Amino acid sequence: MIYVIGIGPGAKETMTLQAISALEEAEVIVGYKTYINLIEAFIADKEVIKNGMRQEIDRCKLAVECAKQGKKVAVISSGDSGIYGMAGLVLELVTKENEDIPVKVIPGITASIGGASLLGAPIMHDFCHISLSDLLTPWDVIEKRLRLAAEADFVICLYNPRSKGRSGHLEKAFRIMAEFKGPDTPVGILKDVGRPEESKTIVTYQNMDYESVDMTTIVIIGNKSTFIHNDYMITPRGYEV
């Protein structure tokens, strides 16, 4: 049995009861070492398999091997396991190899949901997720998605917005969307959502501070109806132009 678990931001208070139950039931915990550190309270004397960034395929293969031995395995992701998480990789491996291993995907609070709660109600109307990481998606594809989502006036949640190796991607993304996003469009900058260092900043599109953003940040860009009031970012349920 493999549980693919979204642990949310990592605090017990923001985990689902289903996630906690699966962690307690698992005999083996598999995950990125930073995320393993967030769930130490649930590890106890369990077998733990952890490694570094960009070793997701190796982790999934190890999880499958443990499950083939009859062990109950928990593969963990921060946020939700089905949103830029491990669920797809685990299911790909199991199905491609025709393994008779049951897989249960357990949801968690993703960054856009956690960040939206801090901002108020920015994703009350149609919204989309776009990752700015071009490790697995060509940049020209990302550019097309940014342009079309902005043209369609979605509220846009940007994942993996900026890192040391991709320091200019966020600014490029804003330039691409500027044709369709007005200068006064509200933008929420959420860092370390659900963790002790959590912070939020609300700015307008024209005053975006790219340097304040890193890989632990999510950026939420409003649509034409989104407005700022009393430190809240609000998108009405109905669409207004």
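The values are calculated or read from the model by the stated rules, or taken from the named source; none is laboratory data. Computed from a prediction, not measured in an experiment: that's the story for all the values here. Neighbour counts are summed over all protein chains in view; Cβ atoms, including those assigned to glycine, are modelled from backbone coordinates with ideal geometry. Accessible surface is based on the protein model in full, side chains and every heavy atom, while ligands, DNA and RNA are left aside. Shrake-Rupley method; radii C 1.70, N 1.55, O 1.52, S 1.80 Å.
Close Cβ contacts (under 7 Å, 6 or more residues apart or on different chains) running from residues in the stretch 141-170 that are in a loop (DSSP other than H, G, I, E, B) to residues that are among the basic types (Lys, Arg) comprise ASP153/LYS224.
Out of all the residues in the stretch 166-176, is one or more of a type in the set (A, V, I, L, M), in contact with an Asp or Glu (Cβ under 9 Å, 6 or more places away or on another chain) and farther than 23 Å from ILE7 by Cα? For the stretch 166-176, residues of a type in the set (A, V, I, L, M), in contact with an Asp or Glu (Cβ under 9 Å, 6 or more places away or on another chain) and farther than 23 Å from ILE7 by Cα: present. Entry remark, the stretch 97-119: residues being out of contact with any Ser or Thr (no Cβ under 8 Å at 6 or more places or on another chain) and either surrounded by fewer than 19 Cβ atoms within 10 Å (Cβ to Cβ) or not in a strand (DSSP E or B) (or both) number 16 in total.
Just so you know, in the stretch 9-50 the residues that are touching a Pro at 6+ places or on another chain (Cβ under 9 Å) and closer than 19 Å to VAL103 by Cα include one that is surrounded by the most Cβ atoms within 10 Å (Cβ to Cβ), and it is ALA19. For GLU211, indicate whether it is open to solvent by 30 Å² or more (accessible area, probe 1.4 Å), out of contact with any helix residue (DSSP H, G or I) (no Cβ under 7 Å at 6 or more places or on another chain), of a type outside the set (S, T, N, Q) and in contact (Cβ under 8 Å) with a residue 12 or more places away in the chain. Criteria not met by GLU211. For the stretch 51-78, the set of residues classified as of a type outside the set (S, T, N, Q), open to solvent by 70 Å² or more (accessible area, probe 1.4 Å), modelled with pLDDT under 95 and not in a helix (DSSP H, G or I) consists of MET53, ARG54, listed by residue number.
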